[in-house]
Amino acid sequence: MSICQEIESCGFAIVPDILDLATIEQLGSALKRVNNSESVRTRVNVYAIRNLLDLVPEVRSLANSPTMRGLVEPVLGEGAFPVRGVFFDKTIEANWKVAWHQDLSLTVQKRIDVPGFGPWSIKAGVVHVQPPVEILEGMLAMRVHLDACNELTGALRVIPKSHLQGRLNSEQIQSYREKANDVTCCFGPGGVLIMRPLLLHASTASTRPEYHRRVIHIEYAARQLPGGLRW
């Protein structure tokens, strides 16, 4: 089964060894240089950065690189473009678990009330909104791992084929979770998880928080938004 077929059928694909060590080190150094109090979250070390495509040129270059586009375009087409970048790390100072959920929000430049879009929120100065489900179905997320990641360090867990269920409320998620089997997505440094935003996913807290679990999360779309909204 091809990567494209895996994504369409299961909602995700695991692709190891996409980035070499030199690229990983370059990205790690660039992330350490970010100093924007509104978009950066720190507890001794930086553990989360929003608005990553604007703050870190190296991440935008990665998002538009032939390597990444070679994974995205077979699914979304040659017109695909990156729309959001976020950085996460799990360390001793910032170690958390994430309940089962779907990624339902996207970021836009400013709020314009358009039918089907909402609720709205602002996070780290960036406008977020939940769009109609068909827009989420046309997006793709790439989780680039800068460190080895497994069950001990809070790897992402996903439920195959759950992206085919549309938008689920909390009761539906619980019901689906009880009857479905999940997969833990383990990686070496430089591996990429490709996933649909509507795929149910979760993660546990790291039991080895002395190690980093740095992830660059990049989202792609293939069409512009309606009603004057801009990515």
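The values are calculated or read from the model by the stated rules, or taken from the named source; none is laboratory data. Bear in mind the structure is a predicted one, so any value in this text is a computation, not a measurement. Neighbour counts run over all protein chains shown; Cβ positions are idealised from the backbone, glycine included. With ligands, DNA and RNA removed, areas are computed over all heavy atoms of the protein, side chains included. Shrake-Rupley method; radii C 1.70, N 1.55, O 1.52, S 1.80 Å.
For the stretch 156-180, the set of residues classified as part of a loop (DSSP other than H, G, I, E, B) and either open to solvent by less than 50 Å² (accessible area, probe 1.4 Å) or over 24 Å from V75 (Cβ atoms) (or both) consists of I159, P160, G166, L168, N169, A180, listed by residue number. Scanning the stretch 7-23 for residues that are in contact with a strand residue (DSSP E or B) (Cβ under 9 Å, 6 or more places away or on another chain) and open to solvent by less than 60 Å² (accessible area, probe 1.4 Å) yields I7, C10, G11, F12, A13, V15, I18, L19.
Taking L53, is it more than 16 Å from the chain's Cα centre (by Cα) and either modelled with pLDDT under 95 or buried (at least 18 other Cβ atoms within 10 Å of the Cβ) (or both)? So L53 fails the test. Scanning the stretch 80-102 for residues that are touching an Asp or Glu at 6+ places or on another chain (Cβ under 9 Å) and open to solvent by 30 Å² or more (accessible area, probe 1.4 Å), we see that the one that is nearest to L198 (Cα to Cα) is W100. Taking the stretch 103-141 as the range and being under 16 Å from G227 (Cα atoms), open to solvent by less than 40 Å² (accessible area, probe 1.4 Å), assigned to a loop (DSSP other than H, G, I, E, B) and not hydrophobic (A, V, I, L, M, F, W, C) as the test, the residues that pass are G118, P131, P132.
With the condition kept exactly as written, say whether any residue in the stretch 191-201 is surrounded by fewer than 20 Cβ atoms within 10 Å (Cβ to Cβ), over 13 Å from M142 (Cα atoms) and touching a residue at least 24 places away in the same chain (Cβ under 8 Å). Checking the stretch 191-201: not a single residue is surrounded by fewer than 20 Cβ atoms within 10 Å (Cβ to Cβ), over 13 Å from M142 (Cα atoms) and touching a residue at least 24 places away in the same chain (Cβ under 8 Å). Residue pairs whose Cβ atoms lie under 8 Å apart, separated by 6 or more positions or on different chains, with the first residue in the stretch 67-91 and within 14 Å of V144 (Cα to Cα) and modelled with pLDDT under 95 and the second in a strand (DSSP E or B) and of a type in the set (F, W, Y), are F88/Y47; D89/Y47. Scanning the stretch 142-155 for residues that are part of a strand (DSSP E or B) and either more than 13 Å from the chain's Cα centre (by Cα) or surrounded by fewer than 20 Cβ atoms within 10 Å (Cβ to Cβ) (or both) returns a single hit, C149. Applying the criterion of being modelled with pLDDT of 95 or more and among the small types (G, A, S) to the residues of the stretch 203-231, the residue that is least open to solvent (accessible area, probe 1.4 Å) is A221. I'm checking my understanding of the structure. Among residues of the stretch 181-201 that are outside any loop (DSSP other than H, G, I, E, B) and modelled with pLDDT of 95 or more, which one is nearest to A148 (Cα to Cα)? Applying the filter and picking the extreme gives V192.
Looking for something under 21 Å from L52 (Cβ atoms) and either free of Cβ contacts under 8 Å to residues at least 24 places away in the same chain or of a type in the set (A, V, I, L, M) (or both) - is there at least one such residue anywhere in the stretch 171-187? No, that holds for no residue.
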